[in-house]
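A.B. asks: Take this structure, written in structure tokens, and hold onto it; I'll ask about it next.
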Amino acid sequence: MNTTSSPAGPLQQAPLASAAAAAPAPTAPPARMMAASQQTPAWKRLPLGLLAGILAAFVILLLPQPEGLTPAGQRILAVLAFAVIVWLTEAIDYAVSSVLIVAMIAFLLGTAPSAANPEVAVGTGSALTTAMSGFSNSGLTLVGAGLFISVAMTASGLDKRIALRTLSVVGTGARRILIGAIVVTILLSFIVPSATARTACVVPIMAGIIAAFGVDKRSVFAASIMMMVAQATSVWNVGIQTSAAQNLLTVGFMRQMLGDSPSWIEWLVAGAPWAIVMSVALYFLARWLFPPETERIAGGREAMKKALSELGPMSGKEWRLLIVTLCLLGFWSTEKTLHSFDTASTTLVGLSILLLPGIGVMSWKDVQSKAPWGTLVVFGVGIGLGTALLQTKAAVWLADLAVSNLHLETLTPFWIFAALSAFLIVIHLGFASATALTSAMIPIMIAVLQRLGGDINVMGMTMLLGFVVSFGFILPVNAPQNMFCFGTETFTSKQFTRFGLWITAVGYLMLLLFAATWWNYLGLLTKS
């Protein structure tokens, strides 16, 4: 695997910087090379994945119109094929691909015959409104607010303090550090609504521990710590609704297609028990697959105390951020029980407080420079693409196709969940973004469940399938947190895949066990 594009971890930033400083100034390329580059046609310099996506879209557009599919639906399926191929191959940046998708929807859907009056085109204005509909979705508000709160955590240093304090309590032996990595991930999952931000906080701390303890960064112990951070982050993306953007995208699709969605506490009650069991499994799998060279690490506790003392006492900003975060947790966990305020609205109030001059903890300039705006673009366009699939009935047509060809109507809700979960796990191997996978697949999954009908609890099973979207365990490229940890150069792709295959197998078996027991008891698979 090519690792040149992986994010630089804390262990490689300094060497890279020094190497850059020592390197001689680049020389101008020979005139012959420049001339040859200028003579190469522009289309030949396009990424193969992009060309494949364009070709797939053209093929679908030129095919005879299938029975039961409208012209508008066929055009949106062409856009979907383009999106999936470009996302699978990572041919271009996700945000750039999102801009292309919006343009394609505007013109391909805009020039299609209207369903209400086939003599009239839908119109580019109406089509553009559909493509941009995700930016008025409450889920986007929650994702944006969550990302901004993550910026506040990083700017104030509260996340680092919580991580160090937790590790100092857990201990510094080989076993205890592994447990500490899991516990830190769990705690930060509640208060840092971004998987990448959580990883960005924990990785430097773990790298510091490895360095302070004098452990070789290529040791089995260092590898198991960093892989544990990545895998535990993915596990707890399942357990907490606000811990990952793909969860909020799933909730957005449920509100749009089903008119309702699970509350924060309902998601927690369903997902956290599975995440707890998987956290225990992670620990034992890591101990079995990657036993450390030594169990005792000299000087560990002293190094931890030194790191904590360097932070000094908690600042006013940290206290204010902690209070706001705890208040948000209180509102999230009591939604639909003590009050009717939705999660997005309460989070927006909390963010407003954090941005207020004088009592806030960050400025808008901090947000501008540190927030991952591309994530918001992909999120909004993903909902827009899903909306287009629904409005043109393309999702329903795909659902009918899947049900009839796979004979899903003959299966019980349990086996339907088992089959759809296995499909999502396999297809995730080609995706580097769970948000992109959610955008492409969850609207189709909902349409399949609606098409099957019967005694299936569509909302409950959609939430469970939303859990499966976070199964990015096998390849480093399957999740940003994996790549962030991979950038520390503490483990190889082979080690990560070996660990990930076991986690995926155990995780899938746990999905089936919970579907047959706890989730069945909660009535998430069948209507009560």
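Read-outs: derived from the displayed coordinates by stated rules, not from any lab. For clarity, every value in this text was computed on a predicted model and none was experimentally measured. In this analysis, Cβ positions are derived from the backbone assuming ideal geometry, glycine residues included, and neighbour counts consider all displayed protein chains.
A.B. asks: Give the cross-link partners of Lys336 among the lysines, using a straight C-alpha distance below 27 Å as the criterion and excluding same-chain residues fewer than 8 apart.
C.D. replies: Reachable lysines: Lys527.
A.B. asks: Given 0.36 nm per residue, what is the gain on full extension from Arg175 to Lys494 after removing their alpha carbon distance, in nm? Could you put the intermediate results ahead of the total?
C.D. replies: On the way: separation 319, 0.36 × 319 = 114.84 nm, distance 2.30 nm.
Additional length available on full extension: 112.5 nm.
A.B. asks: Can you put Leu308, Leu50, Leu338 in order of Cβ neighbours within 10 angstrom, beginning with the fewest?
C.D. replies: Details: Leu308 15, Leu50 19, Leu338 10.
By the 10 Å Cβ count, ascending, the order reads Leu338, Leu308, Leu50.
A.B. asks: Would you kindly calculate the mean projected area, averaged across all directions, of the convex hull enclosing the Cα atoms of the chain, in square nanometres? All intermediate terms of the calculation are to be shown ahead of the outcome.
C.D. replies: Values: hull surface 112.8 nm².
So the Cα hull casts an average projection of 28.2 nm².
A.B. asks: Now a separate question. By what distance, in whole Å, do the Cα atoms of the stretch 337-382 stretch along each of the three principal axes, largest value first?
C.D. replies: 37, 37, 9
A.B. asks: Sort Met463, Met153 by Cβ crowding within 10 Å, fewest neighbours at the top. Display every interim value, and only then the final one.
C.D. replies: On the way: Met463 23, Met153 28.
By the 10 Å Cβ count, ascending: Met463, Met153.
A.B. asks: Name the residues whose placed amide hydrogens come within less than 5 Å of the amide hydrogen of Ala121, ignoring near sequence neighbours (fewer than 5 apart) on the same chain.
C.D. replies: Excluding prolines and chain starts, which carry no amide H, the hits are Ser114.
A.B. asks: List the equivalent ellipsoid semi-axes of the stretch 241-396 in whole Å, largest first, each obtained as the square root of 5λ for an eigenvalue λ of the Cα gyration tensor. Intermediate results must be reported in sequence, preceding the final value.
C.D. replies: Details: eigenvalues 243, 140, 64 Å².
Each semi-axis is √(5λ); the values are 35, 26, 18 Å.
A.B. asks: Would you calculate the convex hull of the Cα atoms in the stretch 419-521 and tell me its volume per residue in Å³?
C.D. replies: Numbers: hull volume 9.7 nm³, N = 103.
Considering the Cα atoms of the stretch 419-521, their hull volume per residue is 94 Å³.
A.B. asks: Given charges of +1 on the Cβ of Lys and Arg and -1 on the Cβ of Asp and Glu, with all other atoms neutral, how large is the dipole of the chain about its Cα centre, in debye to the nearest 20?
C.D. replies: On the way: 28 positive and 20 negative charges, 249 e Å.
Once rounded to the nearest 20, the dipole reads 1200 debye.
A.B. asks: Moving on to the next point. Given a Förster distance of 51 angstrom, what is the FRET efficiency for Phe341 paired with Glu293, based on the Cβ-Cβ distance and rounded to 0.05? Before the final figure, lay out the partial values.
C.D. replies: On the way: r = 52 Å, r/R0 = 1.01.
The pair Phe341/Glu293 has a calculated efficiency of 0.50.
A.B. asks: What residues qualify as long-range amide H neighbours of Ile456, i.e. H under 5 Å apart, gap of 5 or more or another chain, H built at 1.01 Å from N?
C.D. replies: Excluding prolines and chain starts, which carry no amide H, the hits are Lys527.
A.B. asks: If I take every Cα pair under 8 Å that is 6 or more residues apart in the chain, average their sequence separation and divide by the length, what percent do I get for the relative contact order? Write out the running numbers ahead of the final one.
C.D. replies: Numbers: 758 pairs, mean separation 114.0, N = 528.
About 22 percent, as a whole number.
A.B. asks: What shape does the stretch 386-457 have by the C-alpha gyration tensor, where a ≥ b ≥ c are the square roots of the eigenvalues, rounded means a/c under 1.5, and otherwise prolate means a/b greater than b/c and oblate the rest? Can you show the working numbers first?
C.D. replies: Numbers: a/c = 2.00, a/b = 1.19, b/c = 1.68.
Taking the square roots of the gyration eigenvalues as a ≥ b ≥ c, the stretch 386-457 is oblate.
A.B. asks: Ok, one more. Mean Kyte-Doolittle hydropathy of 1.0 or higher plus an axial Cα length of 24 Å or more: which whole DSSP H helices in the chain meet both?
C.D. replies: Values: long enough: 71-89 (28 Å, 1.65); 138-156 (27 Å, 1.55); 174-191 (26 Å, 2.10); 195-212 (25 Å, 1.62); 220-239 (28 Å, 1.32); 264-289 (34 Å, 1.34); 316-333 (26 Å, 0.94); 373-391 (27 Å, 1.53); 434-452 (25 Å, 1.49); 493-516 (34 Å, 1.10).
Qualifying helices, which must be both long enough and hydrophobic enough, are 71-89, 138-156, 174-191, 195-212, 220-239, 264-289, 373-391, 434-452, 493-516.
A.B. asks: Say R0 is 30 Å: what FRET efficiency, to the nearest 0.05, do Leu411 and Ser333 get from their beta-carbon distance?
C.D. replies: Numbers: r = 35 Å, r/R0 = 1.17.
My answer for the efficiency is 0.30.
A.B. asks: Is the stretch 46-131 rounded, prolate or oblate when judged by the Cα gyration tensor, a ≥ b ≥ c being the square roots of its eigenvalues, rounded requiring a/c under 1.5 and prolate requiring a/b larger than b/c?
C.D. replies: Values: a/c = 2.93, a/b = 1.57, b/c = 1.86.
Oblate, since a/c reaches 1.5 and b/c is not below a/b.
A.B. asks: Report the full-extension gain for the segment Lys306 to Leu48: residue separation times 0.36 nm, less the Cα-Cα distance, to one decimal in nm.
C.D. replies: Details: separation 258, 0.36 × 258 = 92.88 nm, distance 5.09 nm.
Difference between extended and current length: 87.8 nm.
A.B. asks: Per residue of the chain, what 222 nm ellipticity follows from adding -39500 (n - 2.57) for every DSSP H run with n ≥ 4, rounded to the nearest 500?
C.D. replies: Details: 25 runs with 366 residues, N = 528.
It lands at -22500 deg cm²/dmol.
A.B. asks: At 25 °C and 0.890 mPa s, what whole-number value in µm²/s does Stokes-Einstein give for the translational diffusion of the stretch 355-401, with Rh from the Kirkwood sum over Cα pairs? All intermediate terms of the calculation are to be shown ahead of the outcome.
C.D. replies: Numbers: Rh = 13.6 Å.
The calculation lands on 180 µm²/s.
A.B. asks: Using alpha-carbon pairs under 8 Å, 6+ residues apart, how would you state the relative contact order of the stretch 46-131 in percent?
C.D. replies: Details: 103 pairs, mean separation 23.3, N = 86.
Normalised by residue count, the contact order of the stretch 46-131 is 27 percent.
A.B. asks: Could you name the lysines in cross-link range of Lys160, using Cα to Cα under 16 Å and dropping any fewer than eight places away on the same chain?
C.D. replies: Answer for Lys160, where 16 Å is the Cα cut-off: Lys305, Lys306, Lys317, listed by chain and number.
A.B. asks: Right, here's the next one. When a/c reaches 1.5 or more, the comparison of a/b and b/c decides; with that in mind, is the stretch 105-197 rounded, prolate or oblate per its Cα gyration tensor? Kindly include the intermediate steps, with their values, before the conclusion.
C.D. replies: Values: a/c = 6.13, a/b = 3.71, b/c = 1.65.
Since a/c reaches 1.5 and a/b is larger than b/c, the shape of the stretch 105-197 is classed as prolate.
A.B. asks: Enumerate the lysines that Lys494 could reach by cross-link, defined here as Cα to Cα under 22 Å, with residues fewer than 8 away along the same chain left out.
C.D. replies: Lys217
A.B. asks: Could you rank the peptides 63-75, 79-91 by their average count of other C-beta atoms within 10 Å per residue, with the highest value first? Let's see the in-between values first.
C.D. replies: Working: 63-75: 16.1, 79-91: 22.1.
In descending order of packing, they fall as 79-91, 63-75.
A.B. asks: Further, regarding this structure: Could you work out how far apart the two model spin labels at Ser369 and Leu62 are, taking each label as a point 7 Å from the Cα in the direction of the beta carbon, and quote it in nm?
C.D. replies: That separation, rounded to one decimal, is 5.1 nm.
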